[in-house]
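Everything below concerns the one structure shown next.
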Amino acid sequence: MSDKGKFYITTAIAYTSRKPHIGNSYEIVLTDAIARYKRMLGYDVYFLTGTDEHGQKIEEYAKTAGVTPKEYVDRVAGEIRDICDLLNTTYDKFIRTTDDYHEKAVQHIFKRLYEQGDIYKSEYEGLYCTPCESFWTESQLDENGCCPDCHSEVKKAKEEAYFLRLSKYQKQLEEYIESNEKFIYPESRKNEMLNNFIRPGLQDLCVSRTSFKWGIPVTFDDKHVIYVWIDALSNYITALGYDPEGSGELYKKYWPADVHIIGKDIVRFHTIYWPIMLMALGEPLPKQVYGHPWLLFGEDKMSKSKGNVIYAEDLVKVFGVDAVRYYLLSEMPHASDGSITYETLIERYNSDLANTIGNLVNRTIAMQQKYFDGVIQPGDVNESVDDEVKALAVETLSKVDKCFNEYKIADSVDCVLTLAKRLNKYIDETMPWALAKDEEKKPRLGTVLYNLLEGIRYLAVLLSPYMPETSERIFEQLGCDVKDYDSLKCFGALKAGDRVGQASVLFSRIDADKLIAELIEKQKAQQAQETKLAKLSLEGIAQIGIEDFAKVELRVAEIKACEPVKKAKKLLKLTLDDGTGTDRTVASGIAKWYAPDELVGKKVVAVANLKPATLCGVESNGMILAADCSEDEVKVLFVDESIPNGTKIR
């Protein structure tokens, strides 16, 4: 096989906040299929994945769990890597942003950008989203006045910080994107970046923080830790040994990346922040950034609160690794969101894998054993229908290649499946069982079976990026070791006189109704167990002293007025009488569970000394206490009406 040069491909690195669900796992399987395909073509592939492990959110999760941030990320990073391995992905390197070499290189990058004037020190005042760890201006908020990315509430924050001069490189970036048509892919993502973010004007980017400690320290200013953008995005080059003070051989060999495979929600970071960082460093930009769509559960995003989270290992236990990989790769459209349900997964399994592919292989091998004792016959008694099948087999090669080059992987799966369906139709057209009844037609029977076996060999080669284990099992049944891509350029690589192996079932049909009932019950049990563990985990929360609790001032307050917040579906604006003589305004996210008129006149417990925060346009001065009764039920804590307003609660 010819050497076609290098191909460097990466996933986004997974954030170690919690165990990833099957929607998160799609990306690593997609990237693995592309990497496997490129290797098959003769490319020198380097495939990078890993984990993003710093930030305020991690610090908070670790505190709640009663462990150190490093202990927390070690556990979650281990789970993420286990899932990558479970799904049979062939990454060359798994980087962690807590790796010593990465942290050292990031410090050098930050210092260099500072010394050359691309990073400067200032003060940030804006609206902060903790889940996204992002600052926003009023104009950037969504229609509800919340975070434009995750749509959570934002809070006013003011902090000393270092900034990256995005504005300095705006024109250069815009020209690069416009002159490199495939840099941002697909086209819709490119237009979104140019029209919504770049052309309206780039604001300088906050790249350090002082309000938390779990991050890479700034070497020349120990109050600051390096913020996520420079830390996480740099992984694509630090993994190869990049360092401003001297880069390694891997970097010189593989950079720039041929493609970054990322989710559509982080295209902005990879096509604005990351290219500008590289421009400032004087390094080449990646050749392409592909922002893939999301995998939804039915029509909804997966969420523990909705009870619709599916994990890779649970699916693998039921369907097997290759069936899960096949579904993920075949069901996700190129530019719009895909969907997974138990019903569609089982339907795909039965129709595509058990019927179309599995049954084709099984009955062809069985017929070869039955009619010719397993010995492959010369394929030299041809008819016109044979030419059609042969032509489709060879054409499938170029069709699949075109799909992979455009990252239309689901379309490439359809091309392979079309060939399998045509081979099944070929059996019906030629009726080998009828040919076998006439001794004079044995040569024709031998040709028909030869064409089927060779067609199945095409399937085995072409399926290897999607279902590598299944591909090997097909080759075992064929008794064939001609597996290279180049052998598909001309139909007829199987040798007459060789012997096929024994037929075995690749995929057994599934009783859909029975399995769906079992899976739903298992999911309910898992949900209940997770809820129970969450409650039990309260025992592991770090303890505080009485002096810490005494800092919180709890007062009885009466709800004098209540109204919906126009810009937010989940917020109610409460006017409280807390006994001070001045009404207190509190925004509370309880609109899903209470109507305004249910609350007026009720007495509640208010946190009276909480710092003010602007929530979706309402300045909230405090909060009221409520209980999370279940995954999707909240109840406000009401108090006896006889207790005077303003009474302290101890």
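The values are calculated or read from the model by the stated rules, or taken from the named source; none is laboratory data. The model shown is predicted, which means the values in this text are computed figures rather than measured ones. No Cβ is skipped: glycine too gets one built from the backbone with ideal geometry, and neighbour counts run over all protein chains shown.
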Conditions first: (1) among the aliphatic types (A, V, I, L, M); (2) more than 18 Å from residue 290 (Cβ to Cβ); (3) under 25 Å from the mean Cα position of the chain (by Cα). Residue 177 passes all but one, so which condition is the exception? (2)
Among the residues of region 303-352, which ones are of a type in the set (Lys, Arg) and free of Cβ contacts under 8 Å to residues at least 12 places away in the same chain? 317
Please find, among 45, 106, the residue that is surrounded by 20 or more Cβ atoms within 10 Å (Cβ to Cβ) and under 30 Å from residue 152 (Cβ atoms). 106
Selected residue (only one of 51, 90 is closer than 23 Å to residue 211 by Cα, outside the structural domain of residue 458 (by TED's automatic domain parsing) and in contact with a helix residue (DSSP H, G or I) (Cβ under 7 Å, 6 or more places away or on another chain)): 51
Scan region 379-397 and give yes if some residue there is surrounded by fewer than 14 Cβ atoms within 10 Å (Cβ to Cβ) and in contact with a Pro (Cβ under 8 Å, 6 or more places away or on another chain), otherwise no. yes
Test result for residue 119, in contact with a helix residue (DSSP H, G or I) (Cβ under 6 Å, 6 or more places away or on another chain), within 30 Å of residue 46 (Cα to Cα) and surrounded by 15 or more Cβ atoms within 10 Å (Cβ to Cβ): no
Do we have residue 184 as in contact (Cβ under 8 Å) with a residue 24 or more places away in the chain, surrounded by 14 or more Cβ atoms within 10 Å (Cβ to Cβ) and over 25 Å from the mean Cα position of the chain (by Cα) here? no
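Looking at region 320-403, what helices (runs of 4 or more DSSP H) fall wholly within it and have at least 1 residues that are within 23 Å of the chain's Cα centre (by Cα)?
Working: elements: 321-331, 342-348, 359-372.
Per the criteria, 321-331, 342-348.
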Selected residue [over 30 Å from residue 155 (Cβ atoms) and among the aliphatic types (A, V, I, L, M)] from 266, 237, 262: 237
Exclusive hit being touching a strand residue (DSSP E or B) at 6+ places or on another chain (Cβ under 6 Å) and either touching a residue at least 60 places away in the same chain (Cβ under 8 Å) or surrounded by fewer than 14 Cβ atoms within 10 Å (Cβ to Cβ) (or both), set 509, 444, 499: 499
Search result, residues across region 48-80 that are free of Cβ contacts under 8 Å to residues at least 60 places away in the same chain, assigned to a helix (DSSP H, G or I) and surrounded by fewer than 21 Cβ atoms within 10 Å (Cβ to Cβ): 61, 70, 71, 74, 75, 78
Scan region 157-169 for residues that are in contact (Cβ under 8 Å) with a residue 40 or more places away in the chain and out of contact with any helix residue (DSSP H, G or I) (no Cβ under 6 Å at 6 or more places or on another chain) and jot them down. 157, 159, 160, 161, 162, 163, 164, 165, 168
